[in-house]
1. Quick one: length gained pulling Q126 to V99 fully straight, 0.36 nm per residue minus the C-alpha distance?
2. Which residue fluctuates the most in the chain, going by a Gaussian network model with Cα springs under 10 Å, if the choices are V129, V153, V79?
3. If you count only protein heavy atoms with a 1.4 Å probe, what accessible area per residue comes out for the chain, rounded to a whole Å²?
4. Take the solvent-accessible surface of the protein heavy atoms, probe 1.4 Å, and return the percent of it on the chain that carbon and sulfur atoms account for.
5. In whole angstrom, how far apart do the alpha carbon centroids of segment 205-248 and segment 1-32 sit?
6. Which of L165, L131, L103 moves most in a GNM of the chain, Cα contacts under 10 Å?
7. For the pair R56 and R217, what calculated FRET efficiency results from E = 1/(1 + (r/R0)^6), where r is the Cβ-Cβ distance and R0 = 22 Å, to the nearest 0.05?
8. Run the numbers for R75 and L174: contour at 0.36 nm per residue of separation, minus the present Cα-Cα distance, in nm.
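The values are calculated or read from the model by the stated rules, or taken from the named source; none is laboratory data. Worth saying up front: this structure is predicted, and the values here are computed from it rather than measured. FYI the Cβ positions are ideal-geometry reconstructions off the backbone, even for glycines, and counts take in every protein chain you see. Just the protein is used for accessible areas: all its heavy atoms, side chains included, with ligands, DNA and RNA removed. Shrake-Rupley method; radii C 1.70, N 1.55, O 1.52, S 1.80 Å.
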Amino acid sequence: MRTSARLSGRTAIVTGAARGQGASHARRLAAEGARVLACDVQDDVGKAEAAWLRQRGLDVEYLHLDVSSPPDWARAVTVVRDAFGRLDVLVNNAKIIHVNPLLEERIEDWNTTLAVNTTGPLLGIQAVVPLMRESGGGSIVNVSSVSGIVGAVGHVAYCASKAALGAITRTAALELAADGIRVNAICPGGVSTPMNANEKEGGVVPQTPMGRRAHLREISGAVAHLASDDSAFTTGTEIVIDGGLLAH
């Protein structure tokens, strides 16, 4: 199941890794040689996914991690430090989405969305940087969205959270460059996941020039690129992976 060894010897944390994009990112990084700590709050699903990957020869372990909890982040970094002594990659993938018209947005939903989608990556960066510094540098990949660049009806909290994540990405890139830590974001458009695999191609697909959602492997390929030395001079940017949606 291995695809290459360009991440051999490196250690990565991937959040929201129980299923969907996060599981795909963890699988791709491990297939490229990384040791991966897959983290989520869906423990049964996450443990099963990690076990499935280990059966296929990939170095993946699972850990419960609520990204809005500083103690959970501290525990994750301790686990990595004790097990591997270094950390090279963080993929801030965990996210939540809900739909509400702007005038009907509830403060509880707003706060929860920002806690996971915006505060979570900030806490993750704060938690991992000391170990990354000790490791000689690293790469942080924030999984954002085209919804952080343009608006989306009914998604005011999600759009706001992802726009803020872009600002965090650029600021962190500036502040951490001297430590050899690169910080970038990817901005997918529509993505095909097990949750929507049998659905009619709706959402942004009609406005997407390529006429379909992205396959998970197409998103994970960008994550692996940013995690590797192939992107050694890339920091502070947002890579749009949207089949041409924003080219209009």
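1. Computed gain between Q126 and V99 is 6.8 nm.
2. Checking each option, the largest mean-square fluctuation is seen for V153.
3. Value returned for the chain: 45 Å² of accessible area per residue.
4. Its accessible area is 55 percent carbon and sulfur atoms.
5. About 17 Å separates the Cα centre of segment 205-248 from the one of segment 1-32.
6. Among L165, L131, L103, the largest mean-square fluctuation in the Gaussian network model of the chain belongs to L103.
7. 0.90
8. Contour length minus Cα-Cα distance gives 33.0 nm.
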